[in-house]
Amino acid sequence: MSRWTFDEIPDLTGRRAVVTGANSGIGLIEARELARHGADVVLAVRNTTAGEEAAQRIRRTGARGAVTVEALDLASQESVRAFADRFEGPLDLLLNNAGVMTPPRFRETADGFELQFGTNHLGHFALTGRLLPHLLEASAPRVTTVSSIAHHRGDGGVLEANPREGYDSQKTYGQAKLANLLFADELQRRASAAGSALMSTAAHPGVSATNLVASKDGMGAIPVVGTIAQLGVKVLFPGPEKGAEGPLYAATVAAPGTYSGPTGIGETRGPVGEARRSQWAQDATLAGLLWQRSEELTGVTFSF
């Protein structure tokens, strides 16, 4: 396919979107472009001060949609519940973007889950389930979940939810990103089976030079390692503008049930197209089991 660009995003006037982790990096670009094309966008972020600064930056670009900020910590099920309880009215698009990547040592969320699995997957699983009534109020609701090429490191052990024993930062990140992709596919299957208009898509950004690498929740927990890794990524890979293409394509025009991302060198960069799934990511049985496990861990169920 020819290179898809942000200018091909359709007019989103009158639509409402929530973007998690929207105060920097890819999330900021996603929120900016949705607002530029007319959507009213909620920046769902842990740090609301940084979120307000990001909102001001987006407004200064001449965005046509309203931009607001709400507190959301995906590492806290209570924060997820509180965010959903505050939300009012229909929701057209939920972009599950935020994430934690490869903390060098085992860490837990407020609820005792491994940080990556608890934030990247369980946080978004619960958020989507709690916002489902608002999504179903919209005429053509869409949920887009950001995965990663790292999902290829995941396997059937995803059901173990990244236990403390034998913790490996790269493997556990892969499991969390596999969980994201399995969730997106299972959500589409369940919506279709219920005859719902809800559409679920997935995407990955390739490898992008953002501050995710240097985050204190990831490699940046060891400052020297985070700084070196951040510099290396900036030299070798494109910035968040390119990284946001796959998620925005998935969030606005991609077909239900699809997985989009860069199609160049190892899917690290290049024009957006259909992304490759691992064999585990294509396992519908595993996806169903993960869904059940996620309901047990979060106490959140989905009703269409």
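The values are calculated or read from the model by the stated rules, or taken from the named source; none is laboratory data. Worth saying up front: this structure is predicted, and the values here are computed from it rather than measured. When we count neighbours, we look across all protein chains shown, and the Cβ atoms used for this are built from the backbone with ideal geometry, even at glycine.
Odds and ends about this structure:
- Filter result for residue 43 (touching an Asp or Glu at 6+ places or on another chain (Cβ under 8 Å) and surrounded by 19 or more Cβ atoms within 10 Å (Cβ to Cβ)): yes
- For segment 40-73, the set of residues classified as under 18 Å from the mean Cα position of the chain (by Cα) and closer than 15 Å to residue 15 by Cβ consists of 41, 42, listed by residue number.
- Test: residue in segment 151-165 that is in contact (Cβ under 8 Å) with a residue 24 or more places away in the chain, aliphatic (A, V, I, L, M), in contact with a Pro (Cβ under 6 Å, 6 or more places away or on another chain) and assigned to a helix (DSSP H, G or I): no
- When segment 53-70 is filtered for residues that are modelled with pLDDT of 95 or more, exposed (fewer than 15 other Cβ atoms within 10 Å of the Cβ) and among the small types (Gly, Ala, Ser), only 66 remains.
- Qualifying residue in segment 95-112 (condition: among the hydroxyl-bearing types (Ser, Thr, Tyr), closer than 20 Å to residue 169 by Cβ and either touching a residue at least 12 places away in the same chain (Cβ under 8 Å) or surrounded by fewer than 21 Cβ atoms within 10 Å (Cβ to Cβ) (or both)): yes
- Test: residue in segment 279-289 that is at pLDDT 95 or above, polar (S, T, N, Q) and touching a His at 6+ places or on another chain (Cβ under 8 Å): no
- Within segment 272-303, the set of residues being touching a Lys or Arg at 6+ places or on another chain (Cβ under 9 Å) and surrounded by 14 or more Cβ atoms within 10 Å (Cβ to Cβ) comprises 272, 278, 287, 288, 291, 300, 302.
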